[in-house]
Amino acid sequence: MSDPADLHPFDCVVVGGGLQGALVALAWLERRPTARVALVERERGAPLERTWSFHGEDLPAAARGFVEPLIEHRWSGYEVRFENLRRTLSSEYLGFTSRHASAVLQQRFAARADCALFVGRRAIRIEAQRVVLDDGRTLGARLVVDATGGAPRTARNGACGYQKFLGLELELARDHALQRPILMDACVDQAQGYRFFYALPFGPRRVLLEDTRFADTPELERDELRAEVLRYAEELGLAVSGIAREEHGVLPMPWSEHRFETAGPPLRAGYRGGWFHPATGYSFPLAVRLALLSTEVEPEQLFQGPLRQLARALEAPARHARALNRLLFRWFEPRDRAHVFERFYRLPEPTILRFYALRATFLDRARVLGGRPPRGFSLRARWRASERARGAAREVAHA
Ligand SMILES: Cc1cc2nc3c(=O)[nH]c(=O)nc-3n(C[C@H](O)[C@H](O)[C@H](O)COP(=O)(O)OP(=O)(O)OC[C@H]3O[C@@H](n4cnc5c(N)ncnc54)[C@H](O)[C@@H]3O)c2cc1C
């Protein structure tokens, strides 16, 4: 059999045109301008309805060149609102939609005759150095990146809770009064667990509003969340005239088993490889670092050490984030969980930013988990959480 790389000698083939796949492909197109790159995405047009946002701190200087074309929204600061705390943070917050990312990819690939974008094509086999498409074609490459999304089984099994949310992009009949994003407005009913609204003003008459819940179970009550988003819009005084689009998600919050996949090739990146923040479910900060790394070393060397080094650098902050998940879901009754976040947002801004970027230092980690525990920390909650876990295990055993 001939070497598959002879059939289509690409340098890098990326499977999946979501967040991670788009970042890897754009990184290669920009930072390795003579490399031949292919991207395979099974959906036609915009693959997903998602808004991806991140803090300026999450973006390494070397990645600005390939991330910049993606950025649609940029805000110089944001707010958080809790029962006893209102705070405006001054750091930059940025975002883009999956639709825009697809358009950027189309444009970039169209400008490169030696590269290839396969949309509406599913990869049926993803191997160390080749990808087989559903039309029978085989793409060979020095580096194959599996960025097909979906958290690995280990992360789902190790989840002690879930972050679930539904967002509506609202069209307004008159200008809103929001001056900046509201990352968390937790001044809402907390009886079922930590809950907050998230508001991103995209334009004077366009706002994305999300209802987010940190819950013990993954079920998403979409109708209820939709109604709650519209109710909150009213509370903010927004004159809603239409709904441009909807997005939703259920992200696992692991406290065990979660790890960053370093075995390969192929490179298992993004959610597929567990490369996400255990406490926020966000993957942009890691996806961008992984994209950068994939262009900095030769594919043949990536698995020899650099990938493991990155995973090692992330492990202490990730372990800390998993401990925070455990604390939240095991040591607090649902109604008291907001106190953990209120306390977190009293910390110095650089600590908060490093926590989100999964770059928390030893001192940051001590600040987040140390000192007097937040209101609501209780042995009774711990006991009840164990009871719930035992009940769930019994149900599984009976099923
Ligand atoms: C609604 C929503 C909003 C989110 N917002 C943020 C945010 O603001 N910031 C943040 O950091 N994180 C956010 N997240 C969390 C996380 O970053 C996203 O889930 C992110 O999309 C994960 O990126 P990914 O590339 O690993 O997977 P995905 O973005 O899910 O991409 C996987 C892609 O692979 C394609 N695919 C799958 N199988 C195949 C195949 N066999 N052949 C070809 N293509 C295939 C899929 O169609 C898909 O396009 C959000 C999640 C959701 C659900």
Take each complete run of DSSP H in the chain, measure how far its Cα atoms stretch along the helix's own axis, and keep only those covering 24 Å or more with mean Kyte-Doolittle hydropathy at least -1.0; list them. 306-331
Which of Pro254, Gly273, Met184 sits closest to the plus end of the dipole of the chain, meaning its Cα is farthest towards the positive end, when Lys and Arg get +1 and Asp and Glu get -1 on the C-beta? Pro254
At the level of C-alpha centres, the distance separating segment 287-325 and segment 102-130, in angstrom, is 24
I need the phi-derived Karplus couplings for segment 52-60: 6.51 cos²θ - 1.76 cosθ + 1.60, θ = phi - 60°, integer Hz, Gly and Pro marked x. 9, 10, 6, 8, x, 4, 6, 9, x
Report the label-to-label distance for Leu178 and Val297 in nanometres (one decimal), using points 7 Å from each Cα along the Cα→Cβ vector. 4.1
Summing Lys, Arg as +1 and Asp, Glu as -1, what charge do residues with Cβ under 9 Å from the Cβ of Arg142 carry, Arg142 excluded? -3
Return Phe66, Phe303 ranked ascending by Cβ neighbour count within 10 Å, so the fewest neighbours appear first. Phe303, Phe66
Would you list Glu219, Glu169 from fewest to most Cβ contacts within 10 Å? Glu219, Glu169
The local net charge around Ser76, scoring Lys/Arg +1 and Asp/Glu -1 for residues other than Ser76 whose Cβ lies under 9 Å from its Cβ, equals +1
For the chain, build the charge dipole from Cβ charges (+1 Lys, Arg; -1 Asp, Glu) around the Cα centre, then report which of Phe109, Gly264, Leu94 sits farthest towards its positive end. Gly264
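I'd like the FRET efficiency for Arg137 and Asn84, computed as 1/(1 + (r/R0)^6) with the beta carbon distance as r and R0 of 41 Å, rounded to 0.05.
Values: r = 60 Å, r/R0 = 1.46.
Here the calculated transfer efficiency is 0.10.
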Karplus 3J(HN,Hα) series, Hz, for segment 166-183 with 6.51 cos²θ - 1.76 cosθ + 1.60 (x for Gly, Pro): 9, x, 10, 8, 9, 9, 10, 7, 9, 4, 8, 10, 6, 8, 7, x, 10, 6
Label-point separation, Ile71 to Ile124 (7 Å along Cα→Cβ), nm: 4.3
Would you calculate the separation in nanometres between label points at Ser241 and Gln107, each defined as 7 Å from the Cα along the Cα-to-beta-carbon direction? 2.7
Charges at C-beta only: +1 for Lys and Arg, -1 for Asp and Glu. How large is the resulting dipole of segment 223-370 about its Cα centre, in Debye rounded to 20? 660
If we sort 109-115, 337-343, 19-25 on the protection proxy, mean other Cβ atoms within 10 Å, highest first, what's the order? 19-25, 337-343, 109-115
Mind pulling the per residue volume of the convex hull built on the Cα atoms of the chain? Å³ is fine. 153
Amide H contacts under 5 Å for Phe202, restricted to residues at least 5 apart in sequence or on another chain and with H modeled in the peptide plane, are Val207, Leu208
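Can you put Ser283, Ser241 in order, fewest other beta carbons within 10 Å first?
Ranking Ser283, Ser241 by Cβ neighbours within 10 Å, fewest first, gives Ser241, Ser283.
Read the figures in this text as sums done on the coordinates, not as results from a lab. Worth saying up front: this structure is predicted, and the values here are computed from it rather than measured. In this analysis, Cβ positions are derived from the backbone assuming ideal geometry, glycine residues included, and neighbour counts consider all displayed protein chains.
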